[in-house]
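The values are calculated or read from the model by the stated rules, or taken from the named source; none is laboratory data. Predicted, not measured: the structure shown is a model, and the values here were computed from it. No Cβ is skipped: glycine too gets one built from the backbone with ideal geometry, and neighbour counts run over all protein chains shown.
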Protein chains: 2
Amino acid sequence: MSIVFLNGEYLPIEEAKVSVLDRGFLFGDGVYEVIPCYGGHLFRMPQHFVRLQRSLDAIRLHSPLSNDDIAEALMTLVNKNPQHGDNQALYLQITRGPDQNGRNHGFPETINPTFYAHTKALPPYNYEEARRGKSAITLPDIRRKDCYIKAISLLPNILLHQQAHDAGSEEAILLRDGYVTEATTSNVFIVKDEHIYTPPASPYILGGITRDLVIELANNYQIPLSEQPIDETMLRTADHLWITSCSRHIHPIVQLDNKQVGNGTAGILWETMIKLFDDYIATERSDQDE
Amino acid sequence: MSIVFLNGEYLPIEEAKVSVLDRGFLFGDGVYEVIPCYGGHLFRMPQHFVRLQRSLDAIRLHSPLSNDDIAEALMTLVNKNPQHGDNQALYLQITRGPDQNGRNHGFPETINPTFYAHTKALPPYNYEEARRGKSAITLPDIRRKDCYIKAISLLPNILLHQQAHDAGSEEAILLRDGYVTEATTSNVFIVKDEHIYTPPASPYILGGITRDLVIELANNYQIPLSEQPIDETMLRTADHLWITSCSRHIHPIVQLDNKQVGNGTAGILWETMIKLFDDYIATERSDQDE
């Protein structure tokens, strides 16, 4: 049985309930984060807190917990859920809470935000499986124009994601006005002539913590990488295609819309980057142990 | 104390709770309707059911209740809440329910939708207040491209609505690529040279039941009305501007972005239309009484 955290209490997930008046339930009025925990260490916590604050500011909501309290609650969750193993993915969500005056679009006079968090097992990264690659499809990006907010109003994401799933694919890569934005639950990178490209930060994409780390590592190790718009032709003529997310790290996509991407392999730059990425995780973890 | 309806049970709102795993709470994965009830009669119920089914189809969800069962539940709610008076606004929401395997973007293997409904008082339409008109502001339409779905993923709507409220305005009229789509909780009509215009149905707007009735009444009574795109210039040079919704009926907007609309009056066509609208409500009600 999983233990979750809801408004200050640790309780079995079966008992964790919110009011039907919670604005998360009525309006999707809230934000969230997903934070990996490797061997008891929260991954890039400062970066996650910066992003969480950006999301909260964008929806004009104050967190009911300080960052220290959040980190403590998340670590307590990890400790209360040993069945999920050494590596876990922590989820937290803050909504504008229930409005005692009922359902009204305008903000409530008195705001009591709801803070919810849970954790689940993060399966070990499977290099062999990743190296074989997965398939993706392209779909029009019908989402909000403020996707830089990590908000729970995710209906288009889940519908697009399900379309990809129904097509036997791992992800849907989204195109807005002819340009790649991101995928439904991950960011997108391409490789062309041994140069890495990813769409620049914009209101249309959620700047992933993994995305930012890939860029940082490329810069640190002088691997050519440009943040620049990727149009449909660049996408379709790429030598390699990756998606990145906290749970997938860097994952090669070797089939796009039923056509092979480049020569259909993960490629040498992926081998390099995934090695640097793993070394980074190990170093961050041992730095925290010191 | 209000009595609400949740998954087959009538219970005090304080006791109405959903699991934190409900996909309504985690993803905004659900749809809704708001249905007026005048003197014990549900307003344009067949039209509301058609729209509800369109929304459900679009998100690939089956209602756990038949239309007859829904109508019965709503009328029972009205009867259990006499404190809300003779006219009420019924709200119903259907979400994809909780996924016992946790939070996953893909649809759950077994789907147990959540059906929730409540009711509140619908204040009598105040002609004098309506005739004086209200103010609105314009804002960029940053919402999903599939706004024809009446979905609970409403974060952009509530943020835009709150911006209007903070500016002392009743509504925000939204512009996408230079054209009016709708307002955050209502549809938009303009009058120019005694001709009524409203943006045509499209994926970018939610076809309001009130909107459709205004069009129908204009057709029935040979009042010139065109469904055609309204660009920013047309909007700003309109003689009159209305917003329509179930709770507001047809409401004149006499100030837009701090400038007077036309001569600042509700206008003769509004007087005509609101009369036809009220007559329609009275007739529908008495037809149902027969």
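The listed residues are A:His105, A:His118, and the only one of them that is touching a residue at least 60 places away in the same chain (Cβ under 8 Å), within 14 Å of chain B (Cβ to nearest Cβ) and over 21 Å from the mean Cα position of the chain (by Cα) turns out to be A:His105. Among the residues of the range A:110-167, just one is within 28 Å of A:Val18 (Cβ to Cβ), among the small types (Gly, Ala, Ser) and surrounded by fewer than 18 Cβ atoms within 10 Å (Cβ to Cβ), namely A:Ala121. Of the residues B:Ile281, B:Ile230, the single one that is closer than 11 Å to B:Ile190 by Cα and touching a residue at least 12 places away in the same chain (Cβ under 8 Å) is B:Ile230. For the range A:122-163, a tally of residues being within 13 Å of another protein chain (Cβ to nearest Cβ) and either more than 17 Å from the chain's Cα centre (by Cα) or of a type outside the set (Gly, Ala, Ser) (or both) returns 24.
Yes/no per residue for (1) under 26 Å from A:Asp278 (Cα atoms); (2) of a type in the set (D, E, K, R); (3) more than 9 Å from chain B (Cβ to nearest Cβ):
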site: A:Tyr38; (1), (2), (3): yes, no, yes
site: A:Gln53; (1), (2), (3): no, no, yes
site: A:Ile59; (1), (2), (3): no, no, no
site: A:Asn81; (1), (2), (3): yes, no, yes
site: A:Asp99; (1), (2), (3): no, yes, yes
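Taking A:Ile94 as the residue in question, decide whether it is surrounded by fewer than 20 Cβ atoms within 10 Å (Cβ to Cβ) and either more than 14 Å from chain B (Cβ to nearest Cβ) or β-branched (Val, Ile, Thr) (or both). No. When restricted to residues that are within 11 Å of another protein chain (Cβ to nearest Cβ) and either in a strand (DSSP E or B) or basic (Lys, Arg) (or both), the range A:164-173 contains 2. Would you check if B:Ser202 is small (Gly, Ala, Ser), more than 10 Å from chain A (Cβ to nearest Cβ) and touching a residue at least 60 places away in the same chain (Cβ under 8 Å)? Judged against the criteria, B:Ser202 is not a match. Taken as a whole, the range B:8-15 holds no residue that is surrounded by 21 or more Cβ atoms within 10 Å (Cβ to Cβ) and either within 14 Å of chain A (Cβ to nearest Cβ) or of a type in the set (S, T, N, Q) (or both). Being in a strand (DSSP E or B), of a type in the set (Gly, Ala, Ser) and in contact with an Asp or Glu (Cβ under 7 Å, 6 or more places away or on another chain), is that true of even one residue in the range A:182-189? Yes; the residues of the range A:182-189 include at least one that is in a strand (DSSP E or B), of a type in the set (Gly, Ala, Ser) and in contact with an Asp or Glu (Cβ under 7 Å, 6 or more places away or on another chain). Inside the range A:190-201, residues that are outside any strand (DSSP E or B) and crowded, with 16+ Cβ neighbours inside 10 Å make up a count of 1.
Listed here are the residues, each with its yes/no results for (1) farther than 27 Å from A:Gly24 by Cβ; (2) in contact with a helix residue (DSSP H, G or I) (Cβ under 7 Å, 6 or more places away or on another chain).
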site: B:Ser153; (1), (2): no, yes
site: B:Ala167; (1), (2): no, no
site: B:Tyr179; (1), (2): yes, no
site: B:Pro200; (1), (2): yes, no
site: B:Gly208; (1), (2): no, no
site: B:Pro224; (1), (2): yes, no
site: B:Leu235; (1), (2): yes, no
site: B:Pro252; (1), (2): yes, yes
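Within the range A:1-24, take every residue that is over 18 Å from A:Ile152 (Cα atoms) and of a type in the set (Ser, Thr, Tyr) and give me the one that is modelled with the highest pLDDT. Among those that are over 18 Å from A:Ile152 (Cα atoms) and of a type in the set (Ser, Thr, Tyr), it is A:Tyr10. Mind checking whether some residue in the range B:141-152 is part of a helix (DSSP H, G or I), closer than 20 Å to B:Ser169 by Cβ and modelled with pLDDT of 95 or more? No.
Here A:Gln222 passes the criteria (1) surrounded by 19 or more Cβ atoms within 10 Å (Cβ to Cβ); (2) under 20 Å from A:Tyr280 (Cβ atoms) except the one numbered (1). Among the residues making up the range A:174-185, those that are within 12 Å of another protein chain (Cβ to nearest Cβ) and among the β-branched types (Val, Ile, Thr) are A:Thr184, A:Thr185. Since B:Lys17 meets every condition but one in (1) without any contact (Cβ under 8 Å) to a residue 60 or more places away in the chain; (2) closer than 30 Å to B:Arg103 by Cα; (3) under 22 Å from the mean Cα position of the chain (by Cα), which condition does it not meet? Result: B:Lys17 fails condition (3) only.
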